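Derivation of every value follows stated rules applied to the coordinates shown; laboratory data play no part. Predicted, not measured: the structure shown is a model, and the values here were computed from it. Ideal geometry is used to build each Cβ from the backbone, glycine not excepted, and the neighbour counts take in all protein chains shown.
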Amino acid sequence: EKLFHNRDHSDMQIPKSHRAPVITDEYEAELFLSRYGFIKPPQQEEIQMKQTDISFSDDFLDDFQTAIQEGTSVPLSRDIPETSHGEVHKSESESQAFVSALTEFQMVSGLPVTGVFDDATKDAMNKPRCGVPDKEIVPNPHVVTESIGGLELENSWNETFNEIDGNNTENSIIGNSSNSSEGDILNFNDTESLLTISNDTHKNNSLGNPTGNSSWTSSQSQPLQN
Amino acid sequence: GKRHLADLMSKKRQKRDLTESGYMAFSKDVLRWRLIGEGYSSQLTIDEQRYIFRLAFRMWSEVSPLEFVEDTWSPLEDVDIKLGFGTGRHLGCNQKFDGTGQEFAHAWFLGDIHFDDDEHFTGPSSHTGISLLKVAVHEIGHVLGLPHIYRPGSIMQPSYLPYESSFEMDWTDRKAIQHLYGGCRGRFSTVFDWIRKEKTPYGDIRIRFNTYFMRDGWYWLYENRNNRTRYGDPVALQIGWHGIPSDGVDAYVHVWSTKREAVYFFRGLQFWRYDNENDRVFRHDSEGRQYPRLISEGFPGIPSPIDSAFYDRRDSHIYFFRRTQVYAFSVETNSLASGFPKHIRDVFPPVESGDHPDGSIDAAYYSYSHNALFLLKGTRFWRVVGSLERWRRPFLPRNGLMPHKEVDQQWFDICDVHPTSLKV
């Protein structure tokens, strides 16, 4: 079928409105951090209060109740309400929340952990990324099993991985010929004729890179709740 | 909202509740996906988009017990994973996209995937723009239940890393998905180390081997040093083994002694001799005999079909397994060894009573990586006690079978893919 524009968009003037807003100041950085779950949402009861603020028609609520019973949940919008710049007055606790969220983002992104909205952090926030939050955004009250994001999960997750990782290094020398693996010259002790065998890079085999060791970090995200 | 909710609620997504890990996952192993018609990208041809998604799903299939099939015919609510492109407010989704730059896609848990068509998505062969294949593999990981993983090399990192040519799933990503869905298990038609000689530039002869797992008409090359199968496997038998039956073999035997060397494939009542140099079956051998030949002709006294077989260099005998019997065949005298056939249990006794495959062995595999012989049946294997081991522990019976283990605990990631994506 006809293509609407060149693959590299060279024939297109991307309207400004179609360009993602570049993150330049702390206000936008805060929006980014809350969008991807680094800044915890306000406490649960406040969210419920907001929900009762918005008047739902009865049958919608019925549907909503049914949805809850069936274990599905209506996706809650994560769009942060638009407010004009500059109105934001941060309380002390909000500033602390911002700094700790920023610190956590810097840590998981492998950036220098400064707690300050510096250029490296700004670049990282403007890179192309997946839209799934890095952390659980709205602890979904109705689908408990999916919202477990707490420490105990991270621990269990870590345990699993450390255990598997440990096995992996043991297994890299497998079997009872612990001094041999593919690619080395193997001496066979089970046969009368001493053979030297080495592994092959087979006919059309593209040898991939060996699997790296993983340094597993603790924080993790939850995909969007459907 | 109501229509959307109704559509949402109509989806009876069957979920597997893994409360011990706190994650949910699909409870069925074959998942249907579709690129929805109202969600085509304007940047790539439709065929390219579908090809890339088929490849992305196949990559997850190669490392998990899940299989994926593109479903363009069922009612929408029967499709497990729907993919679509959009810009700004799109596809009835309440997370609007932000335009070119930053957010390039998002995924719904056990659900759908949306791609921001304002991004410059490119195909696997391009090295500019954002690789649609990488993004699709990442987002499918979310749909299957994986979170963001902040580990260099992981496909589940939140930020997009410029295109690396050999983009594949590493060990930890594989174990993450297997943590949710389990390992890959299944019976094999045969397993063997293919050995061949190569002349080095200095004229020396180097002997090399590769390990192959075969199941029906497909096979995997297993990279022992990396504890996984070759990227992109399984492939169809006829791609790598020219001339053997395309729907699979019963056994492989490599006769290797100072006097002779020959590689045979067995299937049903027949056998083929394989020409290692030219990487195909012989039509005729040096004695002018035509292949395939009857097993009863080439190996008098051996019944067919056989279950499996291996050549033992210590006594220059081929051991043929059929049901509960084992037949020792002397290649020197070209006849059945005296006293055979015997019960498998008598020749390969259990070290631990009761832990024995009994009969119908799928594969008898001598591994040069492990210096050991293995008998495989179903998803289990028994290692045969080696002579060195008996020298250390004389109480072990000759050719004793050590207690069984699960194949997927020693050889990893030997995973099927759906037949419709085998040609990808």
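See the values below:
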item: Counted charge near B:D170, where neighbours are those whose Cβ lies closer than 10 Å (Asp, Glu -1; Lys, Arg +1); result: +2
item: Convex hull projection area averaged over all views, region B:361-420, Cα basis, nm²; result: 5.1 nm²
item: Low-density loop positions, trypsin sites (Lys or Arg not before Pro), region B:324-424 - DSSP coil, at most 13 other Cβ in 10 Å; result: B:R398, B:K423
item: Space enclosed by the convex hull of the alpha-carbon atoms of region B:293-424, per residue, Å³; result: 152 Å³
item: Amide H contacts of B:L83 (H built 1.01 Å from N, under 5 Å, at least 5 apart or other chain); result: B:R34, B:L35, B:I36, B:I113
item: Neighbour cut-off at most 13 other Cβ (10 Å), DSSP loop, trypsin sites (Lys or Arg not before Pro), region B:246-298; result: B:K259, B:R260, B:R283, B:R289
item: Cα-based radius of gyration of region B:14-142 once divided by 2.2 N^0.38 Å, which approximates compact folds; result: 1.04
item: Ascending count of other beta-carbon atoms within 10 Å, so fewest first, for B:L294, A:L33; result: B:L294, A:L33
item: Average beta carbon contacts from partner chains per residue of B:217-229, 10 Å cutoff; result: 4
